[in-house]
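Values quoted throughout were computed directly from the atomic coordinates according to the rules given, and no laboratory measurement underlies them. Keep in mind that what you see is a predicted model, and the values were worked out from it rather than measured. As a convention, Cβ positions derive from the backbone with ideal geometry for all residues, glycine included, and neighbour counts pool all protein chains shown.
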There are 2 protein chains.
Amino acid sequence: MPSRKKPRPTGEARRKQRDPRALSLVQTRRQHAREIAEDYAEAIAELIADRGEARVVDLAARLGVTHVTVHRTVARLQKAGFVSSRPYRAIDLTRRGRALATTSRSRHETVLQFLLSLGIPEHVANTDAEGIEHHVSPETLAAFASALKKSGL
Amino acid sequence: MPSRKKPRPTGEARRKQRDPRALSLVQTRRQHAREIAEDYAEAIAELIADRGEARVVDLAARLGVTHVTVHRTVARLQKAGFVSSRPYRAIDLTRRGRALATTSRSRHETVLQFLLSLGIPEHVANTDAEGIEHHVSPETLAAFASALKKSGL
DNA sequence: GTGTTAACGTAGCATAGGCTACATTTTGTT
DNA sequence: AACAAAATGTAGCCTATGCTACGTTAACAC
Ligand SMILES: [Mn+2]
Ligand SMILES: [Mn+2]
Ligand SMILES: [Mn+2]
Ligand SMILES: [Mn+2]
């Protein structure tokens, strides 16, 4: 038996061994932290493409929250480097924001098409895809795309 | 042109027409609100099955959070009627909690098996399933189960 | 039985992300 | 130019969910 002398660290560092499955839950929480950035980036890019600009009210209507929530969130996303905005002006994506929008949109579309290919009704597939998209690893995304290609033939 | 006289309601009730797609995002947020209850119920049921009881520390290790977070969350779940607990004692599921655990566990398992059937590596499938499970409608769940049955033959 | 320690609980802090109510600015109409 | 309305911003509230630090209780070893 090893003679451990070191006074164990305080706080949560010791404790019962962390279950390895906990990593999946931690990862899921990280994905949730990124989820809003992804949905906003997608929505902003879409609004700019469809109407030339993305306004706070448009985002609010698109995302189902109040303009106040959008305002605060945009400020946070700006601090995080995804968007740029000035008072009373339309919202723009930074280079990083555009990159996020592109990959998110593509992944969202793949997930949606995959669900539709399983025969899920459109309305349901839309909602499920909105949630699922943020939890799909590159591996799973590739598997979805590949299954889609096969079924699409 | 209709002569509208009514002073529009204050607050956010008027505003630009809400995009119908916003409903999906609202639904996704609702699912997130339920997610922790589902994961806790699953974990508690599992611990009880595996070790006879579910302790705060075990849940913390299983879920990847501190015991403090577990403590507070359990209190909230108790208020919501999913668990019962008393100071310094093990945590129990109520009837409702057991029902939630059962359906959550089953859905989780279906999602996981479906991903595995697509050839996703186990480690990745575990993590993806952990996030995806909470966003799978009954329709999609049925489609997964059905695809699984076919592939399983 | 006493002492140590693990488990549990509490206090207090932070961030994210919802909201309403109200203030300000911009924009469009006359 | 002036007014009305829409858009945007600000103040302040709430809940959920994470954390560290520290106090208290229960369990176990001797
Ligand atoms: Mn989404
Ligand atoms: Mn689960
Ligand atoms: Mn989960
Ligand atoms: Mn999610």
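Can you list the distances in nanometres, one decimal and ascending, from the A:Ser106 label point to the identical position in each other copy, with the point 7 Å along Cα to Cβ?
Label point to label point, same position, other copies: 3.9 nm.
When the Kirkwood radius is taken over all Cα pairs of the protein assembly as shown, what Stokes-Einstein diffusion coefficient follows at 25 °C and 0.890 mPa s, in µm²/s?
113 µm²/s
For B:Lys149, go through the aspartates and glutamates and keep the ones whose alpha-carbon is under 17 Å away, minus same-chain ones fewer than eight residues off.
Within the straight-line cut-off, B:Lys149 pairs with B:Glu109, B:Glu139.
Report the calculated FRET efficiency for A:Thr69 and B:Thr69 (r = Cβ-Cβ distance, R0 = 25 Å), to the nearest 0.05.
The pair A:Thr69/B:Thr69 has a calculated efficiency of 0.50.
Counting only helical runs of four or more DSSP H residues, what would the 222 nm mean residue ellipticity of the protein assembly as shown come to if each run contributes -39,500 (n - 2.57) and the total is spread over all its residues?
Rounded to the nearest 500, the figure is -22000 deg cm²/dmol.
Based solely on C-alpha atoms, express the radius of gyration and the Dmax of segment B:63-135 in angstrom.
Computed over the Cα atoms of segment B:63-135, radius of gyration and Dmax are 15.1, 45 Å.
What's the magnitude of the charge dipole for chain A around its Cα centre, counting Lys and Arg as +1 and Asp and Glu as -1 at the beta-carbon? Answer in Debye, nearest 20.
Charge dipole of chain A: 1500 debye, to the nearest 20.
I need the Kirkwood Rh of chain A: take the reciprocal of the average 1/r across all distinct C-alpha pairs and report it in angstrom.
The answer is 18.1 Å.
A:Thr102 to B:Ala80: FRET efficiency via 1/(1 + (r/R0)^6), r the Cβ-Cβ distance, R0 45 Å, to the nearest 0.05?
Efficiency computed from Cβ-Cβ geometry: 0.70.
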